[in-house]
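The values are calculated or read from the model by the stated rules, or taken from the named source; none is laboratory data. Keep in mind the model is a prediction, meaning the values are calculated, not measured. Reconstructed Cβ throughout: ideal geometry from the backbone, glycine too, with neighbour counts over all protein chains shown. Areas reflect the complete protein model, heavy atoms only, side chains present, ligands, DNA and RNA absent. Shrake-Rupley method; radii C 1.70, N 1.55, O 1.52, S 1.80 Å.
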Amino acid sequence: MSRFVSRCCNTVTRSSARCLPTLGGDPIVSPMARVITHNIDYVIKDLTIFQSVTLPRAARATMSRLGYTLAKKDIPKYMKEVYNNPNNLTLSSLNYKVESNYKVRLSFRDNVPKGNSPSRYLEPTTRGTGNTQAYETKFTRMLRSTGAVSGNEYPRPVTSNLAVGLGGKVKPYEYARAWSGLTSSLPRSRSKTELNSSLSFGGAKRKLSGFNRNNNYRHFSKDRQGRIFMGAQIQKPPTKGSLFDVVKPGIYRIKGLGQPSVLQLLFTYLPVTPAVPEIFDYYGQIERQVNFRVAPMLREALK
């Protein structure tokens, strides 16, 4: 018999094996926690005396093998079926830990210092979590924290103007470059007198040249309220009829000054955070695999 139960209400006995699949965090405090209990009475009822003695060891070995198989084989394979070209971080993000002879915990990686957390960005598409709003990436959160966008506006990439990888996904460095451009001030021009004439390369003097502002890429953001964000701050309202006034909301890259021909729209702004479909039946898949694998694994461990 297999069923979902609450961890705090379930009593672990020798005749049950448990798998705790979570999206991150401790099941006691996480609202997305699930506990799958699989009854193994039908496996142990005919054990010999020797097998009964070795059951705890065999059960622990089964939990370890089950955790590895689910985390490193079954779920990554399932991800490839439901997601469009999932990256390596996503495919390797599920971890497992054997907590007792009859219990193994599964949880997605929850802390990624220089990226987005799998436990968070998988949640909206996971069936049964109750949250279908698209994940707010670090890029989105930074835009909101600086006031570059108003309310729940959500940046959507214009892939025709950005570098993309497999499956049409925007490459991470494009987000980093856009954010750097929005929060960096434009370097001023420099004259030859400001450059160090003693610098040399080998025996030849380094060629001296000023900094040409018109060769520098700049970025700016215009939210749906018409506010311009550039140089890490909100700018004064644009002049009527100016470039900043007439362009549609979004994040732009522009080379030089007063050259609309090189204006590129990198991101548009949706009025609200969009909803996404629940395509990842994580808990259902775990339950199906537990029902399928526990008995054969335990019998093998008891041999």
The simple spin-label model distance between residue 173 and residue 133, using points 7 Å out along Cα→Cβ, in nm, is 3.3 nm
Env charge @ residue 288, Cβ radius under 11 Å, K,R +1 / D,E -1, value -2
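Given the pairs 73/138; 72/138; 72/97, which span a C-alpha to C-alpha distance of over 19 angstrom in this model? The partial results should precede the final answer.
Numbers: 73/138 29 Å; 72/138 27 Å; 72/97 12 Å.
Beyond 19 Å: 73/138; 72/138.
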In whole angstrom, largest first, the equivalent ellipsoid semi-axes that the Cα gyration tensor gives for segment 74-127 are 21, 15, 10
Quick tally, 1.4 Å probe accessible area for 73, 248, sorted with the most first, runs 248, 73
Hits in segment 122-153: amide N under 18 Å from the 7 Å Cα→Cβ extension of residue 275, namely 123-136, 152-153
